[in-house]
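Enquirer: Below is one structure. I have some questions about it.
The values are calculated or read from the model by the stated rules, or taken from the named source; none is laboratory data. Treat the numbers as computed from the prediction; the structure is a model and nothing was measured. Positions of Cβ are generated from backbone atoms using ideal geometry, with glycine treated the same way; all protein chains shown enter the neighbour counts.
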């Protein structure tokens with residue numbers, strides 16, 4: 001899909017600009033070191049944080065974000081964003097299920113009904129940073145909006161959050177079953193659309 005290619009190119013351009021800004025700040029981080037950490041994938045801020053740590057410019061990845069990479073920090077570069085409806089349509093055309101991740105970390109529950117109205121399929125209810133109170137609140141909200149419940153650890157590998165989060169949160173099996181069923185529905189709808197074109 002052309003839009004996905006555009007977004008991947010923008011992400012790479014953003015990462016290169018972040019590295020350029022770091023270099024202007026006196027951090028001689030080579031682009032090649034960052035790109036090597038991403039291997040064949042698209043470079044993101046986490047790769048840059050890992051490269052800063054590996055090069056000894058920060059003592060921990062959290063420091064990389066706090067000092068350079070978080071919003072309003074000197075090397076931060078905004079990312080390309082899509083309107084929710086466009087993003088959801090892209091996910092569906094790819095055969096995926098559109099889920100809003102870790103709503104508590106977004107910090108604005110008012111966006112959830114807006115995104116749901118644009119065609120959202122699910123809400124990440126179970127998350128390592130959601131308390132049981134948050135879980136109950138987001139379950140209720142998901143039910144009211146007709147959304148699936150999902151869950152995830154937000155694991156980005158052993159270095160991503162300072163610990164391996166994989167397996168730290170358990171979502172009920174019903175979440176996976178409902179997610180799989182919704183994926184089949186979306187894929188069947190997408191196949192019919194492609195066949196009709």
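Enquirer: Name the pairs: first residue in segment 1-27 and in contact (Cβ under 8 Å) with a residue 60 or more places away in the chain, second residue loosely packed, with under 14 Cβ neighbours inside 10 Å and part of a helix (DSSP H, G or I), Cβ to Cβ under 9 Å, at least 6 apart or on different chains?
Expert: From residues that are in contact (Cβ under 8 Å) with a residue 60 or more places away in the chain, the pairs are 3/86.
Enquirer: Let me ask another. For segment 7-25, check the following and say yes or no: at least one residue is out of contact with any strand residue (DSSP E or B) (no Cβ under 7 Å at 6 or more places or on another chain) and outside any helix (DSSP H, G or I).
Expert: yes
Enquirer: Further, regarding this structure: Just give me the residues in segment 1-24 being exposed (fewer than 14 other Cβ atoms within 10 Å of the Cβ) and closer than 16 Å to residue 67 by Cβ, in sequence order.
Expert: Across segment 1-24, the qualifying residue is only 24.
Enquirer: If you don't mind, another one. For segment 34-108, which helices (runs of 4 or more DSSP H) that fit wholly inside it have 3 or more residues that are within 18 Å of the chain's Cα centre (by Cα), in contact (Cβ under 8 Å) with a residue 24 or more places away in the chain and exposed (fewer than 15 other Cβ atoms within 10 Å of the Cβ)?
Expert: none
Enquirer: Okay, next question. What's the number of the only condition in (1) in contact (Cβ under 8 Å) with a residue 24 or more places away in the chain; (2) surrounded by fewer than 16 Cβ atoms within 10 Å (Cβ to Cβ); (3) over 15 Å from the mean Cα position of the chain (by Cα) that residue 116 fails to meet?
Expert: (2)
Enquirer: Just name the residue that is surrounded by the fewest Cβ atoms within 10 Å (Cβ to Cβ) out of those in segment 120-151 that are modelled with pLDDT of 90 or more, more than 19 Å from residue 95 (Cα to Cα) and touching a helix residue (DSSP H, G or I) at 6+ places or on another chain (Cβ under 7 Å).
Expert: So the residue we want is 145.
Enquirer: I'm checking my understanding of the structure. Among residues of segment 169-197 that are farther than 30 Å from residue 134 by Cβ and surrounded by 11 or more Cβ atoms within 10 Å (Cβ to Cβ), which one is modelled with the lowest pLDDT?
Expert: Looking at the filtered set, the residue picked out is 193.
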